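The values are calculated or read from the model by the stated rules, or taken from the named source; none is laboratory data. Keep in mind that what you see is a predicted model, and the values were worked out from it rather than measured. Calculation scope for accessible area: heavy atoms of the full protein, side chains included, ligands and nucleic acids excluded. Shrake-Rupley method; radii C 1.70, N 1.55, O 1.52, S 1.80 Å.
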Amino acid sequence: QVQLVESGGGLVQAGGSLSVSCAAPGIIWRFAILGWYRQAPGKQRELVATITPGGSTNYADSVKGRFTISRDNAKSTINLQMNTLQPEDTAVYYCNAKMSASNYWGRGTQVTVSS
């Protein structure tokens, strides 16, 4: 069973920064499109950002210019640096890996932004 292990997140005031990381096993790391989704209370899960094995990135319009997704090849992790956080960024953030017809999820990590 594929395990995506998330870390980071927490509580921050509006305007602050947080980061979340996700460790992926070898074959997933090498071939999957990795990314972050988030789900706020009462809302559907939505895309935040993705990164391909080659390093191409894609961001939701709501986070462009504030969030940065990156790959750490030495640690086989992806990182999401979140700056200028706003209360509307409050959600559970889920790591995701898409490879062929398979779709894997982490357990999620809470990000809370206070106003």
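In percent, rounded to a whole number, the relative contact order of the chain is 36, using alpha-carbon pairs under 8 Å and six or more apart. Here the sum of -39500 (n - 2.57) over DSSP H runs of 4 or more residues, divided by the residues of the chain, equals -1000 deg cm²/dmol at 222 nm, to the nearest 500.
Sequence-ordered 3J(HN,Hα) estimates for segment 52-65 from the Karplus curve with 6.51, -1.76 and 1.60 and θ = phi - 60° stand at 8, x, x, x, 6, 10, 9, 10, 5, 4, 5, 10, 4, x Hz, glycine and proline given as x.
Heavy atoms of the protein chains alone define the surface here; on that basis the chain has 54 Å² accessible area per residue at 1.4 Å probe size. For the chain, with all protein chains in place and a probe radius of 1.4 Å, 48% of the accessible heavy-atom surface sits on carbon or sulfur.
Note on the chain: Cα Rg divided by 2.2 N^0.38 Å, N the number of residues, gives 1.00.
Taking the square roots of 5 times each eigenvalue of the Cα gyration tensor of segment 48-99, largest first, gives ellipsoid semi-axes of 20, 11, 11 Å. Counting only Cα atoms, the size of segment 72-115 along its three principal axes is 40, 24, 14 Å, in decreasing order. Note on segment 1-55 and segment 67-101: Cα centroid distance 3 Å, given to the nearest whole angstrom.
For segment 3-71, the Stokes-Einstein estimate of translational diffusion at 20 °C and a viscosity of 1.002 mPa s comes to 160 µm²/s, using the Kirkwood hydrodynamic radius over alpha-carbon pairs.
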